[in-house]
Amino acid sequence: LSLGPINLTAHSISTFLDTTTSVEKFNIMFGQNGRLQLDGTASLKPVAAKVKFEVSELPLDFLSSYLSDSTYLNIKTGTLDSQGELQYSQGQIQFNSNLEIKKFNLIQESTKNSALIFESLTIQNLSMTTSPLKLRLSEVSLNNFSSNLVLKKDGTLNYKDYLRPKKLAQSETSKPIDIFIEKFKITRGLLTYTDQQIKPTFKAVIKNLTGTINPITTEFNKKININISGQVEPQGEFTSQGFYITTTFKPKLDLNMHFYNIDMTNLTPYSEKFFGYEIRKGKMYLDLNYKLHNNLIKGKNKLALDQFTLGNKIESDNSTNIPIKLALALLKNRDGKIEINLPVEGDLNSPKFSFRQLLWSAFKKAI
């Protein structure tokens, strides 16, 4: 990271311990356009400092070196703007700031693929104190972001590939930071989900993700409210509302999700595997409610299918032996609609627990 030029104007610089040094102007350039400007006072007896600062267009790619100890990620692009105040007194640091990160691109080392891209991340009223370490933020806004979620062939998520294995010594000594984010807000998000366990590979895109999560905290017994919505390509809609409570023993969850006007032809990879047929046409409407208590999850799934029609038969080793076309014909009403209630129940402690398998078993039972 290239630094400079550097300009400094200061007063009362002295070896006398009771002297208070005043920094009138301190400017330093980072890279091509980054700039840090600060002013304030400092003393040696007692050791204390009070500094106001302003940062603009600070390049963040140099932080990749600090990520390398625990991740396989690099910061390709991104700049920071911030202004605030830093105080040190009696062995404690207090930091207050507003900041914005712009045009951020986080990539995976090996593939060079983007793990996270966003146009801007705005943080309001960031407050950090030490002894003990606490971090408080009034609002975090993530705008115009995109990310990829991949369920790999071995059943693990791609996010695990971003993290280096933890060293035992680090995990024993590290303590979680006390964090409280009053409100987390997302706008215009894009999430791509890929299931590599299905052949052909299933892919779904949720765009215009918008909503809030509040609060986000490491504290226990806090109710975290969730309210998120988005569009499922090409014309579907998705909403979710509910809450999550972290506890010292087992978390609690009560979450409602609604999928509206989902084009079922996109689900052909699943129908080929489980039904042995492709999907010719159909719309899906799905209302879900899931409750988690003592690691036992109970779900109510209200499924409505409109004009659901299977197409050509596909050979599959996993397809059901249920006469599925006959069953669907019997379930349809005179308007070509099917309505099914699918209650499910499962134990998260089970090593074979799978949401997909849970829903498939409930569907077969209903049929």
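The values are calculated or read from the model by the stated rules, or taken from the named source; none is laboratory data. Nothing here was measured: the structure is a model prediction, and the numbers come from that model. No Cβ is skipped: glycine too gets one built from the backbone with ideal geometry, and neighbour counts run over all protein chains shown. For accessibility, only protein heavy atoms count, side chains too; no ligands or nucleic acids. Shrake-Rupley method; radii C 1.70, N 1.55, O 1.52, S 1.80 Å.
Heavy-atom accessible surface of the chain, averaged per residue, reaches 60 Å², computed with a 1.4 Å probe. Secondary-structure-derived ellipticity at 222 nm for the chain, considering helices only, amounts to -2500 deg cm²/dmol, per-run term -39500 (n - 2.57) for DSSP H runs with n ≥ 4. Modelled label positions at residue 66 and residue 95, each set 7 Å beyond Cα in the direction of Cβ, lie 0.7 nm from each other. May I ask you to work out the translational diffusion coefficient for region 59-156 at 4 °C, viscosity 1.567 mPa s, via Stokes-Einstein with Rh from the Kirkwood sum over Cα pairs, reported in whole µm²/s? The Stokes-Einstein estimate is 83 µm²/s. Cα extents for region 102-169 along the principal axes, largest to smallest and rounded to whole angstrom: 42, 38, 20. Classified by the C-alpha gyration tensor, region 1-82 has a prolate form. Its axis ratio a/c, with a ≥ b ≥ c, is 1.5 or above, and a/b is larger than b/c.
Charge tally around residue 225: other residues with Cβ under 11 Å, Lys/Arg +1 each, Asp/Glu -1 each, net +2. What does the C-alpha gyration tensor say about the overall shape of region 258-307? Classify as rounded when a/c is under 1.5, otherwise prolate if a/b is larger than b/c, or oblate. Cα axes put region 258-307 in the oblate bin. Computed 3J(HN,Hα) for region 290-301, one whole-Hz value per residue from the Karplus formula 6.51 cos²θ - 1.76 cosθ + 1.60 where θ = phi - 60°, is 10, 10, 10, 8, 6, 6, 9, 10, 10, x, 10, 10, glycine and proline marked x. Considering region 127-245 at the alpha-carbon level, its Rg and Dmax are found to be 17.7, 54 Å.
With a 1.4 Å probe rolled over the protein heavy atoms of all chains, the accessible area of 16, 184 falls in the order 16, 184, largest first. Using heavy atoms of the protein chains and a probe of 1.4 Å, the accessible area assigned to residue 210 is about 60 Å².
Straight-line cross-link reach from residue 252 at under 26 Å between alpha-carbon atoms covers these lysines, not counting any fewer than eight positions away in the same chain: 134, 160, 175, 183, 185, 222, 223, 291, 298, 300, 302, 352. Taking all Cα pairs closer than 8 Å and separated by 6 or more residues, the relative contact order of region 22-176 comes to 15 percent. Computed over the Cα atoms of region 195-304, the ratio of the radius of gyration to the Kirkwood radius (Rg/Rh) comes to 1.05.
Note the per residue figure in Å³ for the convex hull of the C-alpha positions in region 88-128.
Spelled out: Cα convex hull of region 88-128, divided by residues, is 90 Å³.
Using a cutoff of 8 angstrom between alpha carbon atoms and counting only pairs six or more residues apart, the relative contact order for region 261-367 works out to 26 percent. Applied to region 228-234, the Karplus parametrisation 6.51 cos²θ - 1.76 cosθ + 1.60 on θ = phi - 60° returns per-residue 3J(HN,Hα) values of 9, 9, x, 10, 9, 4, x Hz, with x for Gly and Pro. Counting protein heavy atoms only, the chain has 54 percent of its accessible area on carbon and sulfur, 1.4 angstrom probe. Residue separation of residue 237 and residue 188 scaled by 0.36 nm, minus their Cα-Cα distance, works out to 16.2 nm of gained length.
Which value, in nm² and rounded to one decimal, describes the direction-averaged projected area of the C-alpha convex hull of region 277-367? Average projection, Cα convex hull of region 277-367: 6.6 nm².
Given the alternatives [x] 20.6; [y] 22.6; [z] 18.1, mean projected area of the Cα convex hull in nm² as computed for this entry is given by [y]. Across region 86-144, the mean sequence separation of Cα contacts (distance under 8 Å, 6 or more residues apart), normalised by length, yields a relative contact order of 32 percent.
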